[in-house]
């Protein structure tokens, strides 16, 4: 049995609006798992249930072999980092961080020592006497993190901790979080809707939709080999065509689209005759003047200069539009309205089962 | 921009009706003759000496002070939990609770006084003092609920969750995290309730009994018999004391904006 086990967990608001349905998840000790999904997918509900703020209608939460399902929040040993920081406005940095230790009735000298260490770890030395209102957003979240880890929690729960910070700071804090988590080896559950954050931080990513886990895997698996249509879309793939599997060749499928047949990589086992969608990333497609294998005829709708590269919006044969990012030099002579071919290398074209469950 | 002279005129009128009566009272309290008049014909402090030494004013002043203090404390004790429940939980009849705690502000004091008289005096269970305390608590309770509710609404629930996740029992998190952060609301509620109770006439009018009366009632009764500057002197003292308390609290807590 893994360190943290969520078994058949269902959560409902007002007894009729079910948010989580029979969720199962296990997390190994010391590992970093992200719950990734759009708003309303149930990721925050999962976190709040783990924290004890919500009671499940059925299912169990087991940590280190102990059933925590009905234990109130203050008796669970969990550190929580909030999106809104949730620092105590009337206490200074030191007192905020010391709060959990005081609740545990630890003696003063030990509290001093532990708080000092935590302040060091998050890089806030010298700001011990500041009030939260006198700190920047990034500094406040550092206090939030220090306050949560200083109690040496069994599990660290983070609820979109970076989404109130500006873009540059977000990347910096993301690295900090990873460093701290690895240094301390705390089992961490991280809620986010930002796929780049999840990919950069996690050992495991659980992509969620409508109260269910759609795909669970390593960042690389989820990022490069989405198994479901929803995951592919969420991870930034575009649906460029749809068709029927004609033939299977090892890990590749030959897919007949309305236009022509294309070779695409499979991320799950498919059968001939199955309806699939073909997905690709904007950066993994090339523009070509001539027809050939794995190429589709398109028309350029617009051409947008983005600095390092150029984004072309293309009208695909099936009527959808797709964007392609290419080096400016490659498309100097092309302009809006031109008819070109888009080439998708077979490794980067995914065939994914069409039906959504 | 040039200020419109009609605006200046409106401002002047507002000041005149707000401050005028108090200025008249202030000057009248130094009047040497034995009738209330303005402008004063001379200067004396004898009316001040007189009212301070009158037992009926002394006694009712002390009683009013106690009544205001006790009813305010009682209102806090009842009102803060009510405000907390309505702010933090959703339940059936929440609107009803909100309405009931607001009623005493809407209902005319006379009606409330009469209702309380019917209920308590005719019931004849409690002493006059207890009845007054209950009546005053009821009348000031809404101020506590409203003021605390406003503070609680501005306090994110997540900080309570943070406290609980760090090992604080819900009650402990209330004491250690919620109370210090709604302190300003509670203090301003206390000042409001204290002043409201201390000044109250309609409720007290119905509920006072033989030998037990509040200062405003004694002042009213006194005025029916004597028309001399002693009431003006007493009023000046009360205004001065109230201003003093408010300024002191403002100085200590800096909460003028909430009053």
Quiz item: Angle, helix A:137-149 long axis vs. longest principal axis of chain A, Cα atoms, 0 to 90°, nearest 10?
Solution: 60
Practice problem: Please report how far the C-alpha centroid of region B:94-159 lies from that of region A:171-190, rounded to the nearest whole angstrom. | Solution: 52
Quiz item: Per residue of B:167-175, what is the mean number of Cβ atoms on other protein chains within 10 angstrom of that residue's Cβ?
Solution: 4
Exercise. Please identify, among A:152, A:259, A:308, the residue showing maximal mean-square fluctuation in a Gaussian network model of chain A using a 10 angstrom Cα cutoff.
Key: A:308
Exercise. Estimate the FRET efficiency between residue A:306 and residue B:94 by the formula 1/(1 + (r/R0)^6), using the beta-carbon distance for r and 41 Å for R0, to the nearest 0.05.
Key: 0.20
Quiz item: Looking only at B:58, B:66, B:164, which one moves most when chain B is put into a Gaussian network model with springs between Cα atoms under 10 Å?
Solution: B:164
Quiz prompt | 0 to 90° range, to nearest 10: angle between helix B:5-28 axis and chain B longest Cα axis | solution = 70
Quiz item: By average Cβ neighbour count within 10 Å, what is the ranking of B:9-18, B:42-51 from highest down?
Solution: B:42-51, B:9-18
Quiz item: For region B:54-258, what is the relative contact order in percent, using Cα pairs closer than 8 Å and at least 6 residues apart in sequence?
Solution: 33
Quiz item: Going out from 0 in 5 Å bins, what whole percent of all Cα-Cα distances in chain B drops into each bin?
Solution: 1, 6, 10, 12, 14, 14, 13, 11, 8, 6, 3, 2, 1, 0, 0
Quiz item: Per residue, what volume in Å³ does the Cα convex hull of region B:134-190 take up?
Solution: 74
Quiz prompt | Rg and Dmax [Cα atoms of region A:229-353; Å; Rg one decimal, Dmax integer] | solution = 14.3, 43
Quiz item: Can you pull the Rg over Rh of region A:1-130, Cα-only, Kirkwood?
Solution: 1.03
Quiz item: With no solvent and one point per C-alpha, what does the Debye sum give as log10 I(q)/I(0) for region B:1-44 at q = 0.23, 0.24, 0.34 Å⁻¹?
Solution: -0.73, -0.76, -1.07
Quiz item: Picking from B:185, B:109, B:240, which is most flexible by a Gaussian network model of chain B using Cα springs under 10 Å?
Solution: B:240
Quiz item: Rg to Rh ratio, region B:32-186, alpha-carbon atoms and Kirkwood radius?
Solution: 1.15
Quiz item: So in region A:4-224, what percent of DSSP beta bridges are antiparallel if you round to the nearest 5?
Solution: 50
Practice problem: Report the convex hull volume per residue for the protein assembly as shown, counting only C-alpha atoms, in Å³. | Solution: 271
Quiz item: Per-residue ellipticity at 222 nm for chain A, helices alone: DSSP H runs ≥ 4 residues times -39500 (n - 2.57), over residue total, nearest 500 deg cm²/dmol?
Solution: -7000 deg cm²/dmol
Quiz item: How would you rank B:97-105, B:190-198, highest first, on the average number of other Cβ atoms within 10 Å across their residues?
Solution: B:190-198, B:97-105
Quiz item: Counting partner chain Cβ atoms within 10 Å of every residue's Cβ in A:162-169, what's the average?
Solution: 0
Self-check item: Share antiparallel - DSSP beta bridges, the protein assembly as shown, percent rounded to 5
Solution: 75
Exercise. Take peptide A:84-91, look around each residue's Cβ out to 10 angstrom, count Cβ atoms belonging to other protein chains, and average those counts.
Key: 6
Self-check item: region A:144-286 - share of DSSP beta bridges that are antiparallel (%, nearest 5)
Solution: 80
Quiz item: To the nearest 10 degrees, how steep is helix A:93-103 against the longest Cα principal axis of chain A, on a 0 to 90 scale?
Solution: 70
Quiz prompt | Normalised alpha carbon radius of gyration of region A:156-307 [divisor 2.2 N^0.38 Å] | solution = 1.29
Quiz item: Where does chain B land at 222 nm, in deg cm²/dmol rounded to the nearest 500, when only DSSP H runs of n ≥ 4 count, each adding -39500 (n - 2.57), divided by all residues?
Solution: -23000 deg cm²/dmol
Self-check item: Stokes-Einstein D (µm²/s) once Rh is taken as the Kirkwood radius of region A:4-224 over alpha-carbon pairs, at 20 °C in 1.002 mPa s
Solution: 120
Self-check item: Peptides ranked, highest mean first, by Cβ atoms within 10 Å: ranges A:250-257, A:61-68, A:198-205
Solution: A:198-205, A:250-257, A:61-68
Quiz prompt | Gyration tensor (alpha-carbon) shape descriptor, region B:12-99, a/c threshold 1.5 | solution = oblate
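Every number in this text was worked out from the coordinates using simple rules, so none of it is lab data. These numbers were taken from a predicted model, which means no experiment stands behind them. For neighbour counting, all protein chains shown are included, and Cβ atoms are generated from backbone atoms with ideal geometry for every residue, glycine included.
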